[in-house]
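Below is one structure, written out as structure tokens; comments come after it.
Readers should treat all values here as calculations from the given coordinates under stated rules, not as data from a laboratory. Here the structure is a predicted model, which is why all the values come from computation and not from measurement. In this analysis, Cβ positions are derived from the backbone assuming ideal geometry, glycine residues included, and neighbour counts consider all displayed protein chains.
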Ligand code: PLP
């Protein structure tokens, strides 16, 4: 596929004062893959690496205005969506995506931080499924997010996760990447699930490292690869390798 000229990824998400996750991690990841970024901030958070002490969502209109300005200023080939905080912001992001169908949307359906702090209000989950997911070319839930979005208990095995994935696909995204990072075992396996296609596994060794923002980095790397014309499989493969390499560089 031909390379698009000078593509940008528009990063839509929350700031994390610790720099471990959120917009800092997204921009760092996408820049290191030589793709340019522009930004729409959804929320300010006050965080250390261990705890989130404050969350301040922005007004939804302000998020939409930032997105429209970023899309007007640059050739945005992909949009990476992270923390959305409120139902109003979810709806506003969906509205701007509907106006810009050329931009490939990658959604990390972030519900809570590892520390447990909610990063999306409960009432926003339905809006995310109805309004936003049908516009996404890939959604990247971990097993906990998958269960919540599919409306069932945490899957106990891979078959259960695949069944939940098939159910969630009916919300309308073109693909789901089910992240196995929260499972146990020597390998960390992510599974790409698409309508009418066999599931595709992406496998890596499980490293005993603690790095925050791995979900942000994976979805951002997928968006960067899609922006430069890669297929979904290629983007997932490269993104998984990117995160593995980052984990290898992190002290154990
Ligand atoms: N804060 C923000 C703004 C985020 O975007 C994320 C993850 O995407 C987190 C916190 C959670 O990061 P972690 O679960 O690695 O602590």
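Largest first and in whole Å, what are the equivalent-ellipsoid semi-axes of segment 137-245 based on the Cα gyration tensor, each being the root of 5 times an eigenvalue?
Working: eigenvalues 80, 66, 28 Å².
That gives 20, 18, 12 Å for the three semi-axes.
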- Message: Run lengths n ≥ 4 of DSSP H only: what is the helix-derived mean residue ellipticity at 222 nm for the chain, with -39500 (n - 2.57) per run over all residues, to the nearest 500?
- Response: -11500 deg cm²/dmol
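Return 246, 179 ranked ascending by Cβ neighbour count within 10 Å, so the fewest neighbours appear first.
The order, fewest Cβ neighbours first, is 246, 179.
Quote the relative contact order of the chain in percent (integer), defining contacts as alpha-carbon pairs under 8 Å separated by 6+ residues. List each step's numbers first, then the result.
Working: 528 pairs, mean separation 47.0, N = 252.
Relative contact order here is 19 percent.
For the chain, take the convex hull of the Cα atoms, compute a quarter of its surface area, and give me that in nm², please. All intermediate terms of the calculation are to be shown ahead of the outcome.
Values: hull surface 49.2 nm².
Computing the convex hull of the Cα atoms and averaging its projections yields 12.3 nm².
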- Task: List the pair-distance distribution P(r) of segment 1-111, using every Cα-Cα distance, as the percent of pairs falling in each 5 Å bin from 0 up to the bin containing the longest distance, rounded to whole percents.
- Result: 2, 13, 23, 25, 19, 11, 5, 2, 0, 0
- Which ordering of 189, 45 is given by a fewest-first count of other beta-carbon atoms within 10 Å? 189, 45
- Ordered by fewest other Cβ atoms within 10 Å, a rough proxy for footprinting exposure, 190, 26, 6 read 6, 190, 26
